[in-house]
Amino acid sequence: YYSADALGLMIEDGARLGHQHGARIEIVHAVDAITIPHPSIEMQRALRDRLDELDAICAGFEVESTSKYVSGHAWDVVPDEARSTRSQLIVTGARGWTQLSWLRLGRTADRILRSAPVPVITVPLGTAPKPIERALIAVDFSQCSDAAASVTRRLAAGQDAPPAYVLVHAWQPL
């Protein structure tokens, strides 16, 4: 799905964030059980070697990491891992590869979003990492929008300059 270079850059970005916030990183590679029901020993070694390379990138940023591969669909593995690791946030890429051109999320990101036990940030393909300068928060004065605003403030904490918040009232009568 992602080139080795793109994956390495994503791990570097994650390691920078991990270093900035004193966090550790868990790298989980989902191996589709239908496409590859029984990975060969050679494939298992190649996966382990690549995961070791990604762990080394984290170590270069003085960030502790662990890595593993799990058999299953990413849309099942990611929420399960979030639960088992007690993660507080999922960040996933969104290529938007779907038959429906109006749908901005692809099938995997959409399914992760729907079954996630924690907030999910989807990052469109081609988005360059940069500090959050402005954040739009859709609010309807519910507990859900309060939670969204709280998470947004926490994500921006620790930046040199706090972002501007744009609140959009997003209420729709039933």
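Multiplying the residue separation of Val123 and Ile36 by 0.36 nm and subtracting their alpha-carbon distance yields 28.6 nm. With respect to the chain, whose longest principal axis is taken over its alpha-carbon atoms, helix 143-156 is tilted by about 60°. Mean-square fluctuations from a GNM of the chain, with a 10 angstrom spring cutoff on Cα atoms, peak among Ser115, Ser40, Ser65 at Ser40. For the chain, the longest principal axis of the alpha carbon atoms and the long axis of helix 74-84 meet at an angle near 80°.
Amide H contacts for Ala94 (H built 1.01 Å from N in the peptide plane; partners 5 or more residues away or on another chain; cut-off under 5 Å): Val123, Leu125.
Which of Ala15, Ala149, Ala82 ends up with the largest GNM mean-square fluctuation for the chain, with Cα atoms connected below 10 Å? Its mean-square fluctuation being the largest, the pick is Ala149.
From the alpha carbon centroid of region 9-63 to that of region 108-174 is 26 Å. Share of carbon and sulfur in the accessible area of the chain stands at 56%, probe radius 1.4 Å. Principal-axis analysis of the Cα atoms of the chain puts helix 41-60 at an angle of about 50° to the longest axis. Of Thr152, Thr127, Thr66, the residue with the greatest mean-square motion in the GNM of the chain, using alpha carbon springs below 10 Å, is Thr127. Under 5 Å between amide hydrogens, built in the peptide plane, is the criterion, and for Ser67 it picks out Ile27 among residues at least 5 positions away or on other chains. Based on protein heavy atoms only, the chain ends up with 71 Å² per residue of surface accessible to a 1.4 Å probe.
The values are calculated or read from the model by the stated rules, or taken from the named source; none is laboratory data. All figures in this text were calculated on a predicted structure; none of them were measured in a lab. Ligands, DNA and RNA are excluded from the accessible area calculation, which covers all protein heavy atoms including side chains. Shrake-Rupley method; radii C 1.70, N 1.55, O 1.52, S 1.80 Å.
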